[in-house]
Each structure stands twice: as structure tokens, then as C-alpha cells.
Amino acid sequence: MAMKKITVAITEELERELEKERKDRRFESVPEVVRVILSDYFRKNS
């Protein structure tokens, strides 16, 4: 599957929450956390 790069603006509060989630799940980056969360969401809702 080809990956496409996008840019998203988020609030500082959301950034803090994503950073916390990154540390809890031991991911290397916030974009990786976002990909996993979105993937889980779409898998559950399809």
C-alpha cells in the first residue's frame, strides 16, 4: 500500500495527549500513533 504524506493542524492539548499516548504505547513518533488510532477506528467501524 502506498503511503501519502499529509499535514494536519492540532491543538496543543491534543498534541499533549498524543505525546502521552506515544510514550504509553512506546511508539517512535506522534504520526505513528495517529496512524494506529485511525486504523483501529476504521477497522472497528467498517
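The values are calculated or read from the model by the stated rules, or taken from the named source; none is laboratory data. For clarity, every value in this text was computed on a predicted model and none was experimentally measured. Neighbour counts are summed over all protein chains in view; Cβ atoms, including those assigned to glycine, are modelled from backbone coordinates with ideal geometry. Ligands, DNA and RNA are stripped out before the accessible areas are found, and what is left, the full protein with its side chains, is counted by its heavy atoms. Shrake-Rupley method; radii C 1.70, N 1.55, O 1.52, S 1.80 Å.
Among the residues of region 28-45, the ones that are assigned to a loop (DSSP other than H, G, I, E, B) and closer than 21 Å to residue 2 by Cα come to 2 in all.
Each row is one residue, and each column tells you yes or no for (1) out of contact with any Cys (no Cβ under 6 Å at 6 or more places or on another chain); (2) open to solvent by less than 100 Å² (accessible area, probe 1.4 Å); (3) of a type in the set (Lys, Arg).
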site	(1), (2), (3)
5	yes, no, yes
12	yes, no, no
17	yes, no, no
23	yes, no, yes
26	yes, no, yes
29	yes, yes, no
33	yes, yes, no
37	yes, yes, no
44	yes, no, yes
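Mind checking which residues of region 1-27 are in a helix (DSSP H, G or I) and of a type in the set (D, E, K, R)? Of everything in region 1-27, those that are in a helix (DSSP H, G or I) and of a type in the set (D, E, K, R) turn out to be 12, 13, 15, 16, 17, 19, 20, 21, 22, 23, 24, 25.
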